[in-house]
Amino acid sequence: MSAPTNRSLARPTDDAPHVDSAQLLSVLAEISRIGARTGAGITRTGLGPEEAQARAYLAERYRREGLAARTDPAGNLIVRRREADPAKPVLLLGSHVDTVVHGGRLDGTYGVVAACEVVRVLARQGMESAYEPVAVAFSNEEGARFPYPFFGSLGLTGQLDIACATTMTDRDGTALSTALRAAGGDLDMIEAAAWPDGSIAGYLELHIEQGPVLEDRNIPIGVVEAITGRTIIDITVQGVQGHAGTTPMSLRRDALVAAAQVVLAVQRLATTRGLCAVSTVGCLDGEPNVTNVIPGMVRLTAEIRDGRAERLRAAERALVAELSALGSATGTRIDMDLRPVTRPTQTDHRLREAVATAADDLGLTHLEMFSGAGHDAQIVARSAPIGMVFVPSRGGISHAPQEHTDDDLLVAGADTLLHAALRLVTERW
Ligand code: GLV
Ligand code: MN
Ligand code: MN
């Protein structure tokens with residue numbers, strides 16, 4: 001358990017159901033070993049062996065608890081009651097178990113473990129329900145190795161671009177299809193991963209906030225109102241490789257010098273130009289990357305986020321215009337390839353209300369808030385109403401080894417998910 005805090009999150013002593021806090025925390029602790037690197041967080045990138053191992057661990061664990069667990073062709077783990085009626089619409093609960101490189105132990109994984117625990121508790125209750133609670137661990141949400149984020153949720157909702165997936169490789173040239181097969185999926189069967197229209201009644205995702213808002217205000221539960229949109233642009237700067245000792249400065253067409261200006265242009269979109277909420281270059285690769293050689297080529301990514309689709313588009317247009325001019329000014333060629341936009345997404349008022357009421361029932365204060373992080377929920381939103389629950393992140397840190405949430409808050413979030421799910425599965429809405 002973490003050090004005591006000045007919060008009071010005592011659980012009510014009534015006979016209302018609760019998650020098994022010891023089991024929640026022990027499953028989280030055990031799964032955190034998979035992909036752990038000493039002193040460097042967790043690297044469990046999507047469609048790789050560690051993600052598959054995390055799925056296998058959960059499948060085994062929850063089969064022992066009497067639940068059914070299977071991996072679908074998109075590499076998603078699905079956990080449900082063995083006796084579940086396949087015709088009953090589903091209340092889907094989940095998140096992802098892949099991580100970024102050197103990531104934390106809670107991003108995604110917390111929501112999956114809590115979802116499995118909630119399905120386990122509800123299965124034991126054996127009550128009549130209008131909807132079947134099912135837990136899911138979506139594959140490759142982050143896109144850290146194969147740049148196809150939300151792969152699993154796109155597959156489950158029938159939105160995958162199969163042609164794009166078929167040609168995709170990681171940086172070492174391994175095909176996505178090969179990695180997926182090794183991880184228990186199958187790109188040739190991917191259409192079978194898509195659930196029929198109408199089969200998902202709603203989707204609820206519990207996640208750490210990954211930002212500072214809840215902690216700053218000392219509020220244990222966030223009720224997400226909307227999730228940010230995101231555009232990713234793959235950029236290639238083509239210069240001329242040459243000798244670092246003999247090529248006069250005036251004759252150089254240095255790809256890295258041009259790329260440095262691209263990085264600053266991306267940063268200015270959100271800072272001095274105020275065109276979007278945040279903008280980042282997270283990935284930059286130069287060639288040949290040798291001390292005494294003028295770089296001939298640089299590949300980098302620009303990532304732009306905002307809660308409003310029209311602002312995303314405007315920022316994207318502004319960047320394209322600026323980089324076209326920059327290519328001419330630096331004597332380089334700058335190519336830009338826009339990946340499909342993830343749209344800003346609203347949550348559904350019925351799921352928001354279920355979360356807020358659950359928190360009230362548990363005596364937990366809550367706050368309606370915006371998510372600056374992307375989530376599988378916004379992919380599922382095209383098929384079904386969605387909701388999200390947040391718990392605070394210490395120091396607002398995430399996508400880093402230091403990511404942390406105190407145990408009592410993790411338990412409070414899981415109990416909120418359970419109570420919201422109980423309400424949502426028993427009442428037709
Ligand atoms: C999801 O991990 C994101 O990058 O927002
Ligand atoms: Mn993440
Ligand atoms: Mn996440």
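The values are calculated or read from the model by the stated rules, or taken from the named source; none is laboratory data. All of these numbers come straight from a predicted model, not from anything done at the bench. Cβ coordinates were reconstructed from backbone atoms using ideal geometry, including for glycine residues, and neighbour counts include every protein chain displayed.
Observations, loosely collected:
- The stretch 59-76, residues that are free of Cβ contacts under 8 Å to residues at least 24 places away in the same chain and crowded, with 24+ Cβ neighbours inside 10 Å: none
- Residue that is farthest from ligand 1 (Cβ to nearest atom) [pool: residues in the stretch 185-213 that are in a strand (DSSP E or B) and of a type outside the set (A, V, I, L, M, F, W, C)]: Gly202
- Enumeration of residues in the stretch 391-424 that are on the phi > 0 side of the Ramachandran plot and either away from ligand 1 (no atom under 16 Å from the Cβ) or at pLDDT below 95 (or both): Gly395
- Qualifying residue in the stretch 122-144 (condition: more than 16 Å from ligand 1 (Cβ to nearest atom), at positive phi and in a loop (DSSP other than H, G, I, E, B)): yes
- Verdict on Ala74 being over 16 Å from Tyr203 (Cα atoms), assigned to a strand (DSSP E or B), away from ligand 2 (no atom under 16 Å from the Cβ) and among the aliphatic types (A, V, I, L, M): no
- Residues in the stretch 77-128 that are within 16 Å of ligand 2 (Cβ to nearest atom) and surrounded by fewer than 18 Cβ atoms within 10 Å (Cβ to Cβ): Val101, His102.
- Elements of the type helices (runs of 4 or more DSSP H) sitting completely within the stretch 321-429 and holding at least 2 residues that are in contact (Cβ under 8 Å) with a residue 12 or more places away in the chain and farther than 25 Å from Thr228 by Cβ: these cover 349-361, 407-426.
Yes/no per residue for (1) modelled with pLDDT of 95 or more; (2) within 16 Å of ligand 2 (Cβ to nearest atom); (3) small (Gly, Ala, Ser); (4) under 19 Å from Val278 (Cα atoms):
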{"position": "Ala201", "(1), (2), (3), (4)": "yes, no, yes, no"}
{"position": "Glu209", "(1), (2), (3), (4)": "yes, yes, no, yes"}
{"position": "Val213", "(1), (2), (3), (4)": "yes, no, no, yes"}
{"position": "Ile219", "(1), (2), (3), (4)": "yes, no, no, no"}
{"position": "Val223", "(1), (2), (3), (4)": "yes, no, no, no"}
{"position": "Ile227", "(1), (2), (3), (4)": "yes, yes, no, yes"}
{"position": "Ile232", "(1), (2), (3), (4)": "yes, yes, no, yes"}
{"position": "Gln238", "(1), (2), (3), (4)": "yes, no, no, no"}
{"position": "Gly242", "(1), (2), (3), (4)": "yes, no, yes, no"}
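- The one condition from (1) of a type in the set (Gly, Ala, Ser); (2) in a loop (DSSP other than H, G, I, E, B); (3) over 30 Å from Phe370 (Cα atoms) that Ser250 does not meet is (2).
- Selection count where residues are more than 16 Å from ligand 3 (Cβ to nearest atom) and crowded, with 17+ Cβ neighbours inside 10 Å, scope the stretch 370-393: 3
- Subset of the stretch 164-184 (residues that are part of a helix (DSSP H, G or I) and more than 19 Å from Ala56 (Cα to Cα)): Cys164, Ala165, Thr166, Thr167, Leu176, Ser177
- Scanning the stretch 333-366 for residues that are surrounded by fewer than 18 Cβ atoms within 10 Å (Cβ to Cβ) and aliphatic (A, V, I, L, M) yields Met336, Leu338, Val341.
- Filter result for Ser153 (part of a helix (DSSP H, G or I), assigned by TED's automatic domain parsing to the domain that holds Pro392, touching a helix residue (DSSP H, G or I) at 6+ places or on another chain (Cβ under 7 Å) and within 16 Å of ligand 1 (Cβ to nearest atom)): yes
- A single entry from His349, His375, His366 fulfils the requirement of being closer than 23 Å to Asp98 by Cβ, out of contact with any Ser or Thr (no Cβ under 7 Å at 6 or more places or on another chain), assigned by TED's automatic domain parsing to the domain that holds Glu205 and not small (Gly, Ala, Ser): His375.
- Condition check for Glu368 on (1) in contact with a Phe, Trp or Tyr (Cβ under 8 Å, 6 or more places away or on another chain); (2) more than 16 Å from ligand 2 (Cβ to nearest atom): one failure, at (1).
Residues are listed down the side, and each one gets a yes or a no for (1) touching a residue at least 24 places away in the same chain (Cβ under 8 Å); (2) closer than 25 Å to Tyr110 by Cβ; (3) touching a His at 6+ places or on another chain (Cβ under 9 Å); (4) in the same structural domain as Asp376 (by TED's automatic domain parsing):
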| residue | (1), (2), (3), (4) |
| --- | --- |
| Leu160 | yes, no, no, yes |
| Ala163 | no, no, no, yes |
| Ser177 | no, no, no, yes |
| Arg181 | no, no, no, yes |
| Gly185 | yes, yes, no, yes |
| Trp195 | yes, yes, no, yes |
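- Restricting attention to the stretch 79-115 and to residues that are among the charged types (D, E, K, R) and not in a loop (DSSP other than H, G, I, E, B), the residue that is farthest from Ala137 (Cα to Cα) turns out to be Arg81.
- When the stretch 309-337 is filtered for residues that are among the β-branched types (Val, Ile, Thr) and within 18 Å of Val240 (Cα to Cα), the ones remaining, listed by number, are Thr330, Thr332, Ile334.
- Scanning the stretch 347-364 for residues that are out of contact with any helix residue (DSSP H, G or I) (no Cβ under 6 Å at 6 or more places or on another chain) and closer than 21 Å to Tyr131 by Cβ yields Thr347, Asp348, His349, Arg350, Leu351, Arg352, Glu353, Ala356, Thr357.
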